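Student: The structure follows.
The values are calculated or read from the model by the stated rules, or taken from the named source; none is laboratory data. Please read all numbers here as calculations on a predicted model, not as lab measurements. Neighbour counts are summed over all protein chains in view; Cβ atoms, including those assigned to glycine, are modelled from backbone coordinates with ideal geometry.
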Amino acid sequence: MARLELWQIGVALAVTLFAGFVKGAVGFAMPMIMLSSFASFLPPEIALALLILPTLVSNLIQAFRQGVGAAWGSIRRYQLFIAMIIIFIPISASFVRILPQQAMYLLLGVPIVAFAIWQLSGRPLVLPVHHRKRTETVLGIIGGLYGGISGIWGPPLIVYLLSIHAPKQEAVRIQGVVFMIGAVILTISHLASGVLNAQTVPLSALMVVPALIGMRLGFGAQDRLDPVLFRRLTLILLGLAGANLVRRALMG
């Protein structure tokens, strides 16, 4: 399954480098960029396998950037969302080999495009949070279900953080914490499902190198570039990535 041409490996490395850069600069979007790009030239199971270990390692770094104490505090504050991620990623991971490829691309692409367009319109994407625990639970379930089949569970968390007006540093840290925990569960789940196996694990491990290089460069860009402009450019790229997934779904 994982016998790739040399050019495919080279393109995957370049995509991962860029995705790591975006991750370091804005704190999210690495799996979305990787999966939507990989879908153009890799089978879906290999595309998913390749992003799992880079996602795990990069989120470990992001989660603990301010130290263990800060990370633990975030875990306690967002424990319901985290619990739903832990429960529902293994459930949906078992459907990876059953869910039609086109359906997976469509389920991922449409929400990504909608999220990007809404954000670019200048209107904040927030939900009326009258019952924080209920909202946190529902969005955690959605994130877990998407995460198991795709490796992407960020958008529901980002919507939730915007809705409760989480401070910037807290938002970036909890993204790292939730993504890290989800990545651990995803890794275990797909070792069980067979997506991660003796052939795909080395390739996924290889992608860790450009991911970390890109992330280091992204940290530097985060300090130098105007965050509003960079976020806007990132949203444009996400919108294009989501549109590519929709295109793949419709073209079959």
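Table: residues versus (1) of a type in the set (S, T, N, Q); (2) closer than 18 Å to L157 by Cα; (3) surrounded by 22 or more Cβ atoms within 10 Å (Cβ to Cβ).
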{"site": "G24", "(1), (2), (3)": "no, yes, yes"}
{"site": "A29", "(1), (2), (3)": "no, yes, yes"}
{"site": "A39", "(1), (2), (3)": "no, no, yes"}
{"site": "I61", "(1), (2), (3)": "no, no, no"}
{"site": "G73", "(1), (2), (3)": "no, yes, no"}
{"site": "A83", "(1), (2), (3)": "no, yes, no"}
{"site": "I87", "(1), (2), (3)": "no, yes, no"}
{"site": "L106", "(1), (2), (3)": "no, no, no"}
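Student: Now a separate question. Being in contact with a Pro (Cβ under 7 Å, 6 or more places away or on another chain) and part of a loop (DSSP other than H, G, I, E, B) is the requirement here; does I142 meet it?
Tutor: Values: in contact with a Pro (Cβ under 7 Å, 6 or more places away or on another chain): yes; part of a loop (DSSP other than H, G, I, E, B): no.
It is false that I142 is in contact with a Pro (Cβ under 7 Å, 6 or more places away or on another chain) and part of a loop (DSSP other than H, G, I, E, B).
Student: Please specify each residue of segment 75-110 satisfying the condition of being closer than 27 Å to G194 by Cβ and either in contact with a Pro (Cβ under 9 Å, 6 or more places away or on another chain) or of a type in the set (S, T, N, Q) (or both). Break it down stepwise before answering.
Tutor: Initial filter on segment 75-110 (closer than 27 Å to G194 by Cβ): 82-109.
Selection gives S92, S94, V96, Q101, Q102, M104, Y105.
Student: Would you please name the residue that is farthest from the chain's Cα centre (by Cα), looking only at residues in segment 198-211 that are aliphatic (A, V, I, L, M) and surrounded by 22 or more Cβ atoms within 10 Å (Cβ to Cβ)? Explain how you work it out, then say what you get.
Tutor: From segment 198-211, those aliphatic (A, V, I, L, M) are 198, 201, 203, 205-209, 211; that's our starting set.
If we keep only those that are surrounded by 22 or more Cβ atoms within 10 Å (Cβ to Cβ) too, we end up with 207, 211.
Working: M207: 15, A211: 13 Å.
Going through the qualifying residues, I end up with M207.
Student: Hey, another quick one. Applying the selection to segment 38-61, what residues are among the polar types (S, T, N, Q) and modelled with pLDDT of 90 or more? Explain how you work it out, then say what you get.
Tutor: Here is the first cut: in segment 38-61, the ones among the polar types (S, T, N, Q) are 40, 55, 58-59.
Hits for segment 38-61 are T55, S58, N59.
Student: Now for a separate question. Pick from segment 41-59 the residues that are among the β-branched types (V, I, T) and touching a Gly at 6+ places or on another chain (Cβ under 9 Å): which of them is surrounded by the most Cβ atoms within 10 Å (Cβ to Cβ)?
Tutor: Residues of segment 41-59 among the β-branched types (V, I, T): 46, 52, 55, 57.
Then drop every residue that is not touching a Gly at 6+ places or on another chain (Cβ under 9 Å), which leaves 52, 55.
Values: I52: 25, T55: 27.
Ranking the candidates gives T55 first.
Student: Which residues, counting only those in segment 156-172, are touching a helix residue (DSSP H, G or I) at 6+ places or on another chain (Cβ under 6 Å) and closer than 17 Å to Q62 by Cα? Break it down stepwise before answering.
Tutor: Taking segment 156-172 and keeping what is touching a helix residue (DSSP H, G or I) at 6+ places or on another chain (Cβ under 6 Å), we get 156-157, 160-161, 171.
If the condition is that a residue be touching a helix residue (DSSP H, G or I) at 6+ places or on another chain (Cβ under 6 Å) and closer than 17 Å to Q62 by Cα, then L157, L161, A171 are the ones that fit.
Student: So, one more: Run down I158, I188, I141, I152 and say which single residue is aliphatic (A, V, I, L, M), at pLDDT 85 or above and crowded, with 16+ Cβ neighbours inside 10 Å. Outline the logic, then answer.
Tutor: Details: I158 fails: at pLDDT 85 or above; I188 fails: crowded, with 16+ Cβ neighbours inside 10 Å; I152 fails: at pLDDT 85 or above.
The unique qualifying residue is I141.
Every residue, every condition in (1) of a type in the set (K, R); (2) assigned to a helix (DSSP H, G or I); (3) under 15 Å from the mean Cα position of the chain (by Cα), yes or no:
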position	(1), (2), (3)
F179	no, yes, yes
R216	yes, yes, no
Q222	no, yes, no
R247	yes, yes, no
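Student: Condition test on Q169, is it assigned to a helix (DSSP H, G or I), over 17 Å from the mean Cα position of the chain (by Cα) and within 17 Å of K23 (Cβ to Cβ)? Show your work before the answer.
Tutor: Numbers: assigned to a helix (DSSP H, G or I): yes; over 17 Å from the mean Cα position of the chain (by Cα): yes; within 17 Å of K23 (Cβ to Cβ): yes.
Against the criterion (assigned to a helix (DSSP H, G or I), over 17 Å from the mean Cα position of the chain (by Cα) and within 17 Å of K23 (Cβ to Cβ)), Q169 qualifies.
Student: Taking the criterion of being farther than 25 Å from V172 by Cβ and modelled with pLDDT under 85, would at least one residue in segment 2-12 satisfy it?
Tutor: Narrowing segment 2-12 to residues farther than 25 Å from V172 by Cβ: 2-12.
This time we only want the ones that are modelled with pLDDT under 85, so: 2-3.
Yes, segment 2-12 has at least one match.
Student: Next up: Look through segment 212-231, keep the residues that are surrounded by 15 or more Cβ atoms within 10 Å (Cβ to Cβ) and modelled with pLDDT of 80 or more, and return whichever of them is nearest to Q169 (Cα to Cα).
Tutor: The residue in question is F219.
Student: Shifting gears a bit: For segment 159-193, give me each residue that is closer than 20 Å to L145 by Cβ and among the small types (G, A, S).
Tutor: Selection gives S163, G182, A183, S189, A192, S193.
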